[in-house]
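Q: Could you have a look at this structure, given as structure tokens, before my questions?
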Amino acid sequence: FMHKRERGELLIQKINKLQDNLFKKIQLSVSKDGFLHFGDTVMLLHPENKSSVENRPGACGRLTLAINLDELSVYSAKSLEVPRGISAIESADPVGRNTFCILSVDGSAEGEPIRFGQKFRLGTTGGFSGQMLYLASDHKSFIRFAKKSRLQQVFLTENLSYLTCWQATFLDPQLRLEHEGFPVPANSKVIITHCHTNRSLAVPRKFWTWSYFGKEYEVICHTYLDSHRVEEDKNYWIIVTGNPGDENGTMIDRPSPHPGGNRKNEVLEQELGTFP
């Protein structure tokens with residue numbers, strides 16, 4: 001017992017270390033020009049989804065992409081083992097578990113803006129040092145598929161390959177050709193498409209997955225199209241950056257400068273209201 005405690009090999013020590021890293025507060029990158037750049041530390045947020053009738057009332061809030069941790073891996077591993085699952089959680093606080101770094105595929109320098117149609121990788125350390133896992137997906141097969149939806153699974157791997165390449169697609173399909181090659185704005189809705197399978201990252205919100213932290217939403221790669229052949233809100237994502245006015249804040253939590261509406265119109269209405 002004494003020797004294990006000195007080496008940090010006790011079960012309680014392993015669990016505490018794993019949780020400390022996964023829930024370590026991470027400061028997101030601040031975008032000075034309003035665009036996303038290679039090397040930025042961001043969160044992938046699935047916006048509120050109140051239009052879907054199949055969702056329960058509690059399943060309509062915003063979700064973030066996060067590392068899924070089963071109970072067995074908590075008790076057996078000192079660090080994150082691969083392949084590692086991915087889930088969507090209700091917490092929108094940037095921590096080691098739900099923050100990602102945007103990495104270059106074609107050799108673009110760190111700090112250069114990411115453009116629509118350009119390949120990139122999404123890497124995460126999970127709060128650990130010296131470890132980088134990459135968001136990946138692959139065609140489903142008889143033995144490889146998402147457990148609940150039976151669709152194309154999304155996972156984390158330590159191997160760099162074409163399976164870890166993604167690209168951002170403009171939300172409006174009628175304007176995609178015009179925006180091809182333009183910088184991707186931060187904190188705006190986009191479609192994140194897997195390059196190898198040409199399917200989009202999605203959260204159906206009706207499939208649950210169990211993790212060490214409880215019930216969470218299943219994340220898959222599947223393009224949901226409506227009757228007009230346009231992606232549904234299950235495929236919408238917001239790549240969130242940091243709030244320059246708050247060290248631990250995000251742009252999604254930044255209050256509107258005029259929460260009651262357009263201040264100019266309010267003043268004009270008040271002035272007009274003074275006349276008989």
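The values are calculated or read from the model by the stated rules, or taken from the named source; none is laboratory data. This structure is a prediction, so every number in the text was calculated from the model and none was measured. Note: ideal-geometry Cβ built from the backbone for every residue, glycine included; neighbour counts use all protein chains shown. Note: areas computed on protein heavy atoms with side chains; ligands, DNA, RNA excluded. Shrake-Rupley method; radii C 1.70, N 1.55, O 1.52, S 1.80 Å.
Q: Mind listing the long-range amide H neighbours of Ile86? Cut-off is under 5 Å, sequence gap 5 or more, other chains count too, H placed in the peptide plane at 1.01 Å from N.
A: Under 5 Å from the amide H of Ile86 lie the amide H atoms of Asn68, each far enough along the sequence or on another chain.
Q: Please work out whether the chain counts as rounded, prolate or oblate from its C-alpha gyration tensor, where a ≥ b ≥ c are the square roots of the eigenvalues and a/c under 1.5 means rounded, while otherwise a/b larger than b/c means prolate and anything else oblate?
A: Prolate, because a/c is 1.5 or more and a/b exceeds b/c.
Q: In the structure displayed, which of Lys148/Lys234; Lys148/Lys206; Lys147/Lys206; Lys140/Lys189; Lys206/Lys234; Lys14/Lys147 lie more than 19 Å apart, Cα to Cα?
A: Lys140/Lys189; Lys14/Lys147, as the Cα separations exceed 19 Å there.
Q: Determine, from the Cβ-Cβ distance of Asp226 and Ser161 and an R0 of 30 Å, the FRET efficiency 1/(1 + (r/R0)^6), rounded to the nearest 0.05.
A: Step by step, r from the Cβ atoms, then E = 0.40.
Q: Between beta-carbons, use under 13 Å as the cut-off and find the net charge around Arg97, counting Lys and Arg +1, Asp and Glu -1.
A: -1
Q: Tilt of helix 11-22 relative to the longest C-alpha principal axis of the chain, in degrees (0 to 90, nearest 10)?
A: 30 degrees
Q: Of the peptides 25-37, 123-135, 2-14, 141-153, how do they stack up when ordered by the mean number of other Cβ atoms within 10 Å, highest first?
A: 123-135, 25-37, 141-153, 2-14
Q: Moving on to the next point. Ignoring ligands, DNA and RNA, what accessible area per residue does the chain give at 1.4 Å, in Å²?
A: So the chain comes to 54 Å² accessible per residue, rounded to a whole number.
Q: Tell me the angle of helix 263-273 to the major Cα principal axis of the chain, expressed in degrees between 0 and 90 and rounded to the nearest ten.
A: 30 degrees
Q: Just the number, please: carbon plus sulfur as a percent of the accessible area of the chain, 1.4 Å probe, no ligands or DNA/RNA counted.
A: Result for the chain: 52 percent of the exposed heavy-atom area is carbon or sulfur.
Q: Rank-order 162-169, 209-216 by packing density, defined as the average count of other C-beta atoms within 10 Å over each peptide's residues, highest first.
A: 162-169, 209-216
Q: How far apart, in nm, are the 7 Å Cα→Cβ label points at Ile252 and Phe182?
A: 2.4 nm
Q: Could you work out [θ]222 nm for the chain from helices alone, using -39500 (n - 2.57) per DSSP H run of at least four and dividing by all its residues? Round to the nearest 500 deg cm²/dmol.
A: -3500 deg cm²/dmol
Q: Then there is this: Per-residue HN-Hα couplings for the range 101-117, Karplus 6.51 cos²θ - 1.76 cosθ + 1.60 at θ = phi - 60°, whole Hz, x for Gly and Pro?
A: 10, 7, 10, 7, 10, 9, x, 4, 6, 5, x, 6, x, 7, 10, 4, x
Q: In percent, how large is the relative contact order of the chain, given Cα pairs closer than 8 Å and 6 or more residues apart?
A: Value for the chain: 21 percent.
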